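Every read-out reported here was derived from the displayed coordinates using simple, explicitly stated rules and does not represent laboratory data. Values in this document were obtained by computation on a predicted structure and should not be read as measured data. Cβ: placed from backbone, ideal geometry, glycine included. Neighbour counts: every protein chain shown.
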Amino acid sequence: MTWSPFQVSGNAEHESRSFIPNKRLLPMMNKKICMVGAFAVGKTSLVKRYVESLFSEKYHTTIGVKIDKKNLTYQNKDVQLMIWDIEGVDIFTDLKPSYLRGASGILLVIDGTRSKSLETAKQVKQLVDDNLGKIPTLLLINKSDLRESWQFSEDDTKSLAISENNTFITSAKTDQNVERAFERITHLMVED
């Protein structure tokens, strides 16, 4: 008799199969992360840096949503991150709640060089909270490579009510804290 991950029972007419768990065959855990924030805060650049280890100075506007995948192993569990890079919020575009549906975690991104992105983040966070309730959320204060041009301090972000453990100063350009932020959101989603 050959080994099979399925155990067969019954006669040939009414055969049923039940799965015999095997670590090699355990399904991959899928987790959806939504990248949200104002336009041009660096969401796309952060995703590209994390998924492809690349950075480009060229600005690419996201229209709608762009979805990237990254497979990793976290505490002996295979995890597939589905990273939804959602178009930036501005005076012409609102965050569509339908994009948030099914999210396991949120990365709220602001641009340290634009105080308006902090004000937009407050509105976006309220929309996320209203639609998803309590969900793992990280704040990424992006463009740390331009810190001398920042228009607000880290203290100004306290109004977003995101703990210091879940706040990261990032740079897609220099790769500062990009990996750490994605590791943290993965930890929060898997342990949740």
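Sites counted here are GluC sites (Glu not before Pro) in a DSSP loop (not H, G, I, E or B) having no more than 14 other Cβ atoms within 10 Å; the longest part of the chain that contains none of them is 58-192.
With respect to the chain, whose longest principal axis is taken over its alpha-carbon atoms, helix 115-132 is tilted by about 30°. Think of the chain as a dipole: +1 on every Lys or Arg Cβ, -1 on every Asp or Glu Cβ, centred on the Cα centre; then among 181, 86, 74, 74 lies furthest on the positive end. For the pair residue 146 and residue 82 in one chain, pulling the backbone fully straight at 0.36 nm per residue adds 20.1 nm over the alpha carbon distance. Counted residue by residue at 0.36 nm each, then reduced by the alpha carbon distance between them, the extension gain from residue 94 to residue 61 reaches 10.4 nm.
Rounding to the nearest 10 and keeping the result within 0 to 90°, find how far the Cα-based axis of helix 178-191 lies from the longest principal axis of the chain. The angle comes out near 50 degrees. Scaling the Cα radius of gyration of the chain by the globular reference 2.2 N^0.38 Å produces a ratio of 1.25. Taking every DSSP beta bridge that has both ends in the chain, the antiparallel portion is near 40%. Exposed loop sites here are trypsin sites (Lys or Arg not before Pro) assigned a DSSP state other than H, G, I, E or B and surrounded by at most 12 other beta carbons within 10 Å; excluding them, the longest clear run of the chain is 135-192.
Loop-resident chymotrypsin sites (Phe, Trp or Tyr not before Pro) (DSSP state other than H, G, I, E or B) in the stretch 21-114 with no more than 14 further Cβ atoms inside 10 Å of their Cβ: 59, 92. With both labels modelled 7 Å from their Cα along Cα-to-Cβ, the residue 175 to residue 119 distance reads 3.7 nm.
Separation of the alpha carbons by more than 30 angstrom is noted, of 58/134; 77/143; 70/122; 70/96, for 58/134; 77/143.
Taking 0.36 nm per residue of separation and subtracting the Cα-Cα distance, full extension of the segment from residue 190 to residue 163 would add 7.9 nm. Which residues does a label at residue 74 reach in the stretch 119-136, if reach means a backbone N under 20 Å from a point 7 Å past the Cα toward the Cβ? In the stretch 119-136, the label zone of residue 74 (backbone N under 20 Å from the point 7 Å along Cα→Cβ) covers 129, 132-136.
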